[in-house]
Amino acid sequence: MHDDDEPVGRVLGRRQALILLGAAGATLAVAGTTTARAATPIAGSPEVCTLDCVVKPEQMEGPYFVDERLNRSDIRSEPATGQLVPGTALMINFTVQQIRQQQCTPLPGAMIDLWQCDAFGLYSDIPSQGSSGRRFLRGYQNTDQSGAARFTTILPGWYSGRTLHIHVKIRTVGTNGRPYEFTSQLYFTPEFGAAYLRTDPYRRKGPADTTNSRDSIYRNGGAQMLLRPQQAGNGYTADFAIGLDLSNTQVGRPD
């Protein structure tokens, strides 16, 4: 069993997230966002959009983060050899926005780190796993002027005690001028996960021993961190929008 994920920081529950925004089902006037879904406008009122730029729960960093500072969009390869790790391709399109004065605006220049295990549950550059010096499935991108960043990775495998997940860390500067760090994890629906684990190369290991409902970390806000991949050629693509309250120093403190 892996020694994963010691608690860190505060988990922001759904109720706390919605308090920040007013109420469940709230809409915000959105400035400069292409990710929000248009709502029916009311004559004479400012343009409003169904909230897509929503605060998400922080979750545990875990013991497998290594600050490699490896700037790349495609994180599938081992940098030393260029060899791709086996697994089904997954493209994740992030949109990062700042929530301020009840508006969502793009957040450029935010550093997004992504790291995960391979199709068989192994993380790179972890001495206890015999992967020291290897850097597959790790990398970061900076968001562009529209707050967007794109990664190409693989659907993750599993290891004992954890459901399928991908780690993400976003680093920027808070409204107080100090470093701001948001760390969480991305998940998949049980149906999607079970289906791809029956395909190569994942089926060699069999079904995961822990589902979302049995994962103690997922139960603390994981439903707000679900990816919903769509088929794209031989792989999948998924969009994920996130809003950060950069005035929240408790969330933004180093993890």
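Return the distance in nm (one decimal) between the two label points of a simple spin-label model at Arg204 and Asn93, each offset 7 Å from Cα along Cα→Cβ.
Once both label points are built, they end up 3.3 nm from each other.
Rank these residues by their accessible area, most exposed first, probe 1.4 Å: Lys169, Lys205.
Result, largest first: Lys205, Lys169.
Over the stretch 92-168, give the accessible area per residue in Å² for a 1.4 Å probe, as an integer. All intermediate terms of the calculation are to be shown ahead of the outcome.
On the way: 2470 Å² over 77 residues.
That works out to 32 Å² per residue.
Label Ser160 and Glu191 with points 7 Å out from Cα along Cα→Cβ: what is the distance between them in nm?
Here the answer is 3.2 nm between the modelled labels.
Heavy-atom accessible area of Arg134 with all protein chains present, probe 1.4 Å, nearest 10 Å²?
Accessible area, nearest 10 Å²: 110 Å².
Using r as the Cβ-Cβ distance of Asp144 and Val173, and R0 as 22 Å, what FRET efficiency do you calculate, to the nearest 0.05? Each step should come with its number before you reach the end.
Values: r = 17 Å, r/R0 = 0.77.
Efficiency, rounded to the nearest 0.05: 0.85.
List the residues, sorted by chain then number, that are 5 or more residues from Phe188 or on another chain and whose placed amide H is less than 5 Å from its amide H.
It is Leu227, by chain and number.
Hey, could you pull the Cα Rg and Dmax for the stretch 89-244, both in Å?
Both quantities, over Cα of the stretch 89-244: 16.3, 50 Å.
Whenever you get a sec, compute what percent of the accessible area on the stretch 89-244 sits on carbon and sulfur atoms (1.4 Å probe).
For the stretch 89-244, the apolar C and S fraction of the accessible surface comes to 46 percent.
From largest accessible area down, sort Arg171, Arg198, Arg253; use a 1.4 Å probe on the protein chains.
Details: Arg171 40, Arg198 160, Arg253 115 Å².
Per-residue accessible area, sorted high to low, gives Arg198, Arg253, Arg171.
So, R0 is 41 Å and r is the distance between the beta-carbons of Met111 and Ala223; what FRET efficiency does that work out to, to 0.05?
Rounded to the nearest 0.05, the efficiency is 0.95.
Measuring from label point to label point, each 7 Å out along Cα→Cβ, what is the Ser73 to Ser131 span in nm?
2.4
The values are calculated or read from the model by the stated rules, or taken from the named source; none is laboratory data. Here the structure is a predicted model, which is why all the values come from computation and not from measurement. Here the Cβ is made from the backbone with ideal geometry for all residues, glycine too, and neighbour counts use every protein chain on show. For the accessible areas, the whole protein counts, side chains as well, though only heavy atoms, and no ligand, DNA or RNA atoms are used. Shrake-Rupley method; radii C 1.70, N 1.55, O 1.52, S 1.80 Å.
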